[in-house]
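Working notes for the structure below.
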Amino acid sequence: RFGKVFLGDTEEVENINEIGKLGPEPLDSRFTLGQFKEIIKKKKGVIKKILMDPFVIAGIGNIYADEILWYAKVSPLRKTEELVDKEFGAIFKNIGFVLKKAIAAKGDSQQDYRTIEGKFGTYQNMERAYQRTGEKCAKKDGGIIERIVVGQRSTHFCPKHQKLK
């Protein structure tokens, strides 16, 4: 639904305008916390929207942005210019954690996603925030998952442990 496929030699594909402008691959071993902080500090706006921008960091979609921020205990409405070191570290750590977990589960098939073999992924069975509106928070902190809209996308979070500050 939200992807494109380009087939060609590496150099040819890397020179396609859309590919060349993508942000860093978040699971690349060369992607560091320092690089993450530097990139995010240059952007103004709410962290959820910035995380989903593929020209900032490649590959973090709506579902995974909600999950990353839930695990990191950071409000999706937190302004990037107000983030502190602890929050940068938590978000960075959970980018890797959530994306690796989602890859191992073959993605989220809650709606229409299928693997290349036509099989369903199972990440939707592991989600803690996304599409859990009205449910008790899995952290058992007394919070109830809420839904708002950020950047024209549904956003799910726990107001108890993802406080705006």
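Here residue 84 fits the description: more than 30 Å from residue 119 (Cα to Cα), exposed (fewer than 12 other Cβ atoms within 10 Å of the Cβ) and without any contact (Cβ under 8 Å) to a residue 60 or more places away in the chain.
Scanning the stretch 127-158 for residues that are of a type outside the set (Ser, Thr, Tyr) and farther than 19 Å from residue 51 by Cβ gives 134, 135, 136, 137, 138, 139, 140, 141, 142, 143, 144.
In the stretch 1-35, the residue that is surrounded by the most Cβ atoms within 10 Å (Cβ to Cβ) out of those that are among the basic types (Lys, Arg) and modelled with pLDDT of 85 or more is 21.
For residues that are closer than 13 Å to residue 163 by Cα and not in a loop (DSSP other than H, G, I, E, B), scanning just the stretch 72-81, find the one that is least open to solvent (accessible area, probe 1.4 Å). If we take residues in the stretch 72-81 being closer than 13 Å to residue 163 by Cα and not in a loop (DSSP other than H, G, I, E, B), then 72 is least open to solvent (accessible area, probe 1.4 Å).
The residues on offer are 100, 106, 119, and the sole one that is on the phi > 0 side of the Ramachandran plot and open to solvent by 20 Å² or more (accessible area, probe 1.4 Å) is 106.
Six or more apart or on different chains, Cβ under 8 Å: which pairs go from a residue in the stretch 147-165 that's over 13 Å from residue 62 (Cβ atoms) to one that's surrounded by fewer than 15 Cβ atoms within 10 Å (Cβ to Cβ) and at pLDDT 95 or above? Could you list them? Partner pairs satisfying both residue conditions: 158/141; 158/144; 159/144; 160/141; 160/142; 161/141; 165/82. When the stretch 36-68 is filtered for residues that are assigned to a loop (DSSP other than H, G, I, E, B) and open to solvent by 10 Å² or more (accessible area, probe 1.4 Å), the ones remaining, listed by number, are 42, 43, 44, 45, 52, 53, 54, 55, 58, 59, 61. If you check 106, 139 for being within 29 Å of residue 20 (Cβ to Cβ) and assigned to a loop (DSSP other than H, G, I, E, B), only one passes: 106. Residue-level check: of (1) in contact (Cβ under 8 Å) with a residue 40 or more places away in the chain; (2) in a helix (DSSP H, G or I); (3) under 10 Å from the mean Cα position of the chain (by Cα), residue 94 misses just (1).
Among the numbered conditions (1) open to solvent by less than 60 Å² (accessible area, probe 1.4 Å); (2) in a loop (DSSP other than H, G, I, E, B), tell me where residue 113 comes up short. With (1) open to solvent by less than 60 Å² (accessible area, probe 1.4 Å); (2) in a loop (DSSP other than H, G, I, E, B) applied to residue 113, the lone miss is (1).
The values are calculated or read from the model by the stated rules, or taken from the named source; none is laboratory data. These numbers come from a predicted model, not from an experiment. Don't worry about glycine lacking a Cβ; one is built from the backbone with ideal geometry, like all the others, and counts go over all protein chains shown. The protein model used for the area step is the full one, side chains on, heavy atoms only, and it has no ligands, DNA or RNA in it. Shrake-Rupley method; radii C 1.70, N 1.55, O 1.52, S 1.80 Å.
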